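Q: I'd like to ask you about the structure that follows.
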Amino acid sequence: MAAAVTVFGADYSVYVRIVRLALVEKGVPYEPVDVDVFAESGPPAEYLERQPFGRIPAFEHDGFRLFETSAITRYIDAAFDGPALMPTDVKSAARVNQIVSMMDNYAYPSMVWGVYVERVEVPGRGGVADEARISSGLETARTCLDTLQSLMGDGSFLVGPGLTLADIYALAMLTYFIKAPEGADLFARYPPLEDWLHRMKGRPAALECGIG
Ligand SMILES: N[C@@H](CCC(=O)N[C@@H](CS)C(=O)NCC(=O)O)C(=O)O
């Protein structure tokens, strides 16, 4: 029987990985459909009917179409059985929302685009890294890491006693950040976060989603 859930996007995408991690952690089977938004010709025209901004992922469940990773992951958590990815207590839920928003608005542009893409992808394609962008990305990254570490305290997860969307978002972004030498050097100054990342990367969902 075909899976009722379809995820449109590419394996390498941070946001596609977040959606897939959420599905695997919940135990929901899904069908991945490859969409390359970075193709020279741009996103396929029919894909824009699913995601009018041409970003990945897009999602469909039994004919219900959705885009924006924050909406998709909260839908997955609410619509399917399996371990909850949001805490029930309101303050912890607010903390998860704060971290998710911080990762979207500050960590993704600085850690993934400012540091990883600039240091690893740009030279890999024969370009010259923009050092000013990397420096400024590292500065914002430091604030993100300080915040994550102080919020996590002595716990095993970023918020509360169990896995939440905060862990999933941070996992998908930090694994790219540390591929850049400056990212790895900075991250090494946060041993509790290093231990957390090691545990997260060892989860079956991370292995299934090719994150490591
Ligand atoms: N706000 C979107 C962001 C998704 C996003 O930026 N995806 C990246 C790949 S990780 C993308 O599609 N980039 C294509 C582009 O920048 O043109 C969401 O939460 O789903």
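Q: Please go through the stretch 23-73 and give me each residue that is of a type in the set (Val, Ile, Thr) and in contact with a helix residue (DSSP H, G or I) (Cβ under 6 Å, 6 or more places away or on another chain), ordered by number. It would help to see each step written out before you state the result.
A: To start, the set of residues in the stretch 23-73 that are of a type in the set (Val, Ile, Thr) comprises 24, 28, 33, 35, 37, 56, 69, 72-73.
Scanning the stretch 23-73 gives Val24, Val35, Ile56, Thr69, Ile72, Thr73.
Per-residue answers, yes or no, for (1) more than 14 Å from Asp167 (Cβ to Cβ); (2) within 16 Å of the ligand (Cβ to nearest atom); (3) at pLDDT below 95:
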{"position": "Ala71", "(1), (2), (3)": "yes, yes, no"}
{"position": "Phe80", "(1), (2), (3)": "yes, no, no"}
{"position": "Pro87", "(1), (2), (3)": "no, no, no"}
{"position": "Ser92", "(1), (2), (3)": "no, no, no"}
{"position": "Ile99", "(1), (2), (3)": "no, yes, no"}
{"position": "Asn105", "(1), (2), (3)": "yes, yes, no"}
{"position": "Ser110", "(1), (2), (3)": "yes, yes, no"}
{"position": "Trp113", "(1), (2), (3)": "yes, yes, no"}
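Q: I need the full set of residues from the stretch 50-69 which are away from the ligand (no atom under 13 Å from the Cβ) and surrounded by 15 or more Cβ atoms within 10 Å (Cβ to Cβ), in order please.
A: If the condition is that a residue be away from the ligand (no atom under 13 Å from the Cβ) and surrounded by 15 or more Cβ atoms within 10 Å (Cβ to Cβ), then Glu60, His61 are the ones that fit.
Q: Listed residues Tyr47, Tyr15; which is modelled with pLDDT of 95 or more, within 8 Å of the ligand (Cβ to nearest atom) and surrounded by 13 or more Cβ atoms within 10 Å (Cβ to Cβ)?
A: Values: Tyr47 fails: within 8 Å of the ligand (Cβ to nearest atom).
Residue meeting the stated conditions: Tyr15.
Q: Let me ask another. Could you name every one of the strands (runs of 3 or more DSSP E) located completely within the stretch 1-120 that has at least 3 residues being free of Cβ contacts under 8 Å to residues at least 24 places away in the same chain and outside the structural domain of Val159 (by TED's automatic domain parsing)?
A: Details: elements: 5-9, 31-34, 58-61, 64-67.
Counting at least 3 such residues, we get 64-67.
Q: If you don't mind, another one. Condition first: small (Gly, Ala, Ser) and more than 14 Å from the chain's Cα centre (by Cα). Now tell me which residues in the stretch 79-130 satisfy that.
A: Correct list: Ala79, Gly82, Ala84, Ser92, Ala93, Ala94, Gly114, Gly124, Gly126, Gly127, Ala129.
The values are calculated or read from the model by the stated rules, or taken from the named source; none is laboratory data. Model, not experiment: these values are computed from the prediction. Heads up, the Cβs are rebuilt from the backbone with ideal geometry, glycines too, and the neighbour counts pull from every protein chain shown.
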